[in-house]
1. Past the 32 Å Cα-Cα mark, which pairs from 119/222; 126/280; 111/280; 22/243?
2. Please order 97, 190, 63, 160 by the number of other Cβ within 10 Å, starting at the fewest.
3. Classify the range 123-254: rounded, prolate or oblate, from the alpha-carbon gyration tensor (a ≥ b ≥ c, eigenvalue square roots; a/c under 1.5 rounded; otherwise prolate if a/b is larger than b/c)?
4. For residue 238, enumerate residues with amide H under 5 Å from its amide H, sequence gap 5+ or separate chain, H modeled in the peptide plane.
5. Ranked highest first by average number of other Cβ atoms within 10 Å, how do 122-128, 148-154 line up?
6. Mind listing the long-range amide H neighbours of residue 150? Cut-off is under 5 Å, sequence gap 5 or more, other chains count too, H placed in the peptide plane at 1.01 Å from N.
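Taken together, the values in this text are just the output of simple stated rules run on the coordinates, not laboratory data. Values in this document were obtained by computation on a predicted structure and should not be read as measured data. Note that we place each Cβ from the backbone using ideal geometry, even for glycine, and neighbour counts take in every protein chain shown.
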Amino acid sequence: MPDHITTRCGFVALVGAPNAGKSTLLNRMAGAKLSIVSPKAQTTRFRTLGIVMRENAQIIFVDLPGIFKPKRRLDRAMVNAAWSGVQDADLTLFLVDVRRGLQDDVEEIVKKLAESKRKIWLVLNKTDLVSPDQLLPLTKELTSRLSVEHVFMVSARSGDGVNDMLHHLALSVPEGPYLYPEDDLTDLPDRLLAAEMVREQIFLQTHEEIPYHATVETESFKEKPDGSIRIEVTIYVSRPGHKAILIGDKGRRIKEIGMRARSYLEPLLGCPCHLFLNVKERAEWDKETARLRAIGLDEYG
C-alpha cells in the first residue's frame, strides 16, 4: 500500500445479552461464518475475533459471550471474558434485541457500561421485526441512561444498516498499521474452528440441556499428502443419557453432526476435510481447569 494512504486499525467489542444477535452480526460483517449461531442463548463461549477490511481500515471485531447471571464456573469464566474484552477494545458496540427491549439482563449491562467510561455505540438489532414506532421510546430510554456516541438501527439477519455502520467504524478506529494480514478473517486457530463447527451442530440438532452440558475439543489435526486434512474431535458430555442421544439410533445423529460440520469447515479451511467424531462421558467437565483451558477460558475462571 502506498505510504501516503493513512491506514486505521482498531478493536471493536460486540457486547449484549445472550441472543442479541452478536454472532450473526459478526458473520454478516465478515462475510463468512466465524462465530457459531443458534437460536439458543449462550452459544458463544469465548472471545472470537473477526477481521474486516473496510476502506483503509482494519476493524477487528471481538465477539464476546453474551452477558448473563452466572451460575457455575464455566458461566463465570464466560461473563468475565466478556467484560475483560470490553476493557481492551477501542470502541464498544452495545447490541440490543429490539423485540426484547430493556429486560433485566440488558439493564445490568447498561449499568456496567455506564460505569466503564468506554466509547460506546448503540446498535439496535432485529429492527426488521418490529414496527418503527417501537424504536423511538427504546432509543430514548437507553440513551437517557447511557452516554452513546452513535445509534445504529440494523438487521444482522438481512444486512439492513450494516454497511452504513461499517463505514462509520472504518472512519472511527484509530490511525495505525494493520495488525493482521489483509486476507485473514479470524485469529481462531483451525483446531478451535473445527471444534466450534461441531459444537454448533450439537446446538442445532439436539434439544433441551445437552448443548450446555457438552464441550468439544479437537484432539488431532493433520494435513495429509493429498492436501486434505484429517481431524479427530472428541465431544465430552456430563451424563450417560446425553451420550446416547448424541450418537442417535444406529449412529445416525453423530453422522449427521459430522457431515454438516464438515460442510461449513471445508470452505473456511479451503480444502477437503476428513472429520472423525468421538463421544466421551466425563462428569463435571465444566469444573475442570483443563477443559476450560481447551476452550480458551481458564484465565477468566
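1. Values: 119/222 43 Å; 126/280 38 Å; 111/280 41 Å; 22/243 30 Å.
The pairs that break the limit, which is 32 Å between Cα atoms, are 119/222; 126/280; 111/280.
2. On the way: 97 20, 190 16, 63 28, 160 13.
Least crowded to most crowded, the residues run 160, 190, 97, 63.
3. Numbers: a/c = 2.98, a/b = 1.54, b/c = 1.93.
Oblate is the answer for the range 123-254, as a/c is 1.5 or above yet b/c matches or exceeds a/b.
4. Amide H neighbours of residue 238: 282.
5. Details: 122-128: 22.6, 148-154: 17.4.
Result, highest mean first: 122-128, 148-154.
6. 122
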